[in-house]
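Chemist: There's a structure below that I have some questions on.
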Amino acid sequence: MASVETVKGQIDAGELGTTLIHEHLINADEAVHAQWHQVPTLGTLDEELVEAGGELDAAVEAANAAVGLGVKTIADPTAMFLGRDVAFMREVSDRSGLQVVPCTGIYTYDYLPQFFVLRDADAMADLFVADIEEGIQGTEIKAAFIKCAADEPGVTENVEKVHRAAARASVRTGAPIMAHSRPASETAPRQIEIFEEEGADLSRVQIAHTGDTDDLDYIERLLDKGVWIGMDRFGLPIFLPDEQRVPTVLTLLERGYANRMFLSADSCATIDWYPFEVAEQLIEAGMVKDWNIKKVPEQVIPELREKGMTEEQLETMMVSNAQSWLGR
Ligand SMILES: [Zn+2]
């Protein structure tokens, strides 16, 4: 039986159950918050959460809400620069009962600290492998997957280095990769090409945010490579309205891709990116709509069901796919 690392230790892949493959318990830049303690991470989109208390309360509340909707596990791709904190994640898991699958990796669209500029991809891969094999941040909590990202600037030199490091760590350990992508810039073909050049197993690679486009030709070009795709930003019309995301998923189901797709929301229990007034504007403008951990179980799944998704397809996307992608 394949196994998966969680913040509470290793489990059988069969114990994952219903899994949201891309949800964040926190999103807060670690350098900003280490340097300026007075800065709240609670630039959350939900003012009620701020009144409820700190980041931990907000994360526990989100985790409880997920558990209440039958979610057993989340994969949390909070890597370096997003405020990864495995002690925090374990606390949330302890308090809520939600299984949380942590990652290693670096989330950057280009910038890398000077530390990494004069070190090569192998040195970076060594750190990812240590997280996978020994433990994260001095704990025995091990990373289950590797995160990297490419966005509007494209696959820059630094981004390429992170991708090569992710691929090498995957080759050395068998750990799967989740690659944040930007369909509007068509980043994924180059990201996949780098993984291929490094000899990574593409059946271990998930291209996150593929659901930000409804261009089926583009999506099928990726699927032809044998990767997984994340239809993982429901509730974010700022990238693509749900009215276009849902029919795209339905068409891909008709074409037989249930066993290649993940549904998730990329929600953040708290996020420090937006000052309140900006968050308010985004919500008022309809750019962000019910964007939270409940989005998929509460809204998206019922809608897909109503429009013809079978229970078997649902089970494949929400349970079996996570076992196959994460289990090793
Ligand atoms: Zn994310």
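Chemist: In the stretch 1-31, how many are more than 16 Å from the ligand (Cβ to nearest atom), among the hydrophobic types (A, V, I, L, M, F, W, C) and open to solvent by 10 Å² or more (accessible area, probe 1.4 Å)?
Modeler: 4
Chemist: What's the number of the condition ALA149 fails, among (1) closer than 16 Å to MET178 by Cβ; (2) loosely packed, with under 12 Cβ neighbours inside 10 Å?
Modeler: (2)
Chemist: Just to verify a result, which residue in the stretch 56-83, among those that are open to solvent by 50 Å² or more (accessible area, probe 1.4 Å) and modelled with pLDDT under 95, is nearest to VAL4 (Cα to Cα)?
Modeler: Checked the stretch 56-83; the qualifying residue nearest to VAL4 (Cα to Cα) is GLU61.
Chemist: While we're looking at this one, here's another question. Using the structure shown, decide if ARG221 is under 23 Å from LEU202 (Cβ atoms) and open to solvent by 40 Å² or more (accessible area, probe 1.4 Å).
Modeler: yes
Chemist: Among the residues of the stretch 152-163, is there at least one that is farther than 25 Å from ASP212 by Cα and either of a type in the set (A, V, I, L, M, F, W, C) or in contact with a strand residue (DSSP E or B) (Cβ under 9 Å, 6 or more places away or on another chain) (or both)?
Modeler: The answer is no; no qualifying residue exists.
Chemist: Further question: Does any residue in the stretch 241-255 that is of a type in the set (Asp, Glu) come within less than 6 Å, Cβ to Cβ, of a residue that is open to solvent by less than 10 Å² (accessible area, probe 1.4 Å) and outside any helix (DSSP H, G or I) six or more places away or on a different chain, and which pairs are these?
Modeler: ASP242/PHE234
Each row is one residue, and each column tells you yes or no for (1) open to solvent by 70 Å² or more (accessible area, probe 1.4 Å); (2) over 20 Å from the mean Cα position of the chain (by Cα).
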position: CYS268; (1), (2): no, no
position: ASP272; (1), (2): no, no
position: GLU280; (1), (2): yes, yes
position: GLU284; (1), (2): yes, yes
position: GLY308; (1), (2): no, yes
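Chemist: Now, a different point. Evaluate the following for ILE194: is it within 16 Å of the ligand (Cβ to nearest atom) and surrounded by 15 or more Cβ atoms within 10 Å (Cβ to Cβ)?
Modeler: Answer is no for this residue.
Chemist: Can you tell me which residues in the stretch 63-90 are of a type outside the set (Asp, Glu) and in a loop (DSSP other than H, G, I, E, B)?
Modeler: LEU69, GLY70, VAL71, LYS72, PRO77, THR78, ALA79, PHE81, LEU82, GLY83, ARG84
Chemist: While we're here: Which ones in the stretch 98-125 are small (Gly, Ala, Ser) and away from the ligand (no atom under 16 Å from the Cβ)?
Modeler: ALA121, ALA123, ALA125
Chemist: Residues in the stretch 197-237 that are among the basic types (Lys, Arg), away from the ligand (no atom under 16 Å from the Cβ) and within 21 Å of ASP151 (Cβ to Cβ): how many?
Modeler: Residues in the stretch 197-237 being among the basic types (Lys, Arg), away from the ligand (no atom under 16 Å from the Cβ) and within 21 Å of ASP151 (Cβ to Cβ): 2 in total.
Chemist: On the given criteria, is GLY256 within 26 Å of GLU220 (Cα to Cα), in a loop (DSSP other than H, G, I, E, B) and small (Gly, Ala, Ser)?
Modeler: Judged against the criteria, GLY256 is a match.
The values are calculated or read from the model by the stated rules, or taken from the named source; none is laboratory data. Predicted model only: the values in this text are computed from it and were never measured. Here Cβ is always computed from backbone atoms with ideal geometry, including for glycine, and neighbour counts include all displayed protein chains. We work out accessible area using only protein heavy atoms, side chains counted, and drop any ligands, DNA or RNA first. Shrake-Rupley method; radii C 1.70, N 1.55, O 1.52, S 1.80 Å.
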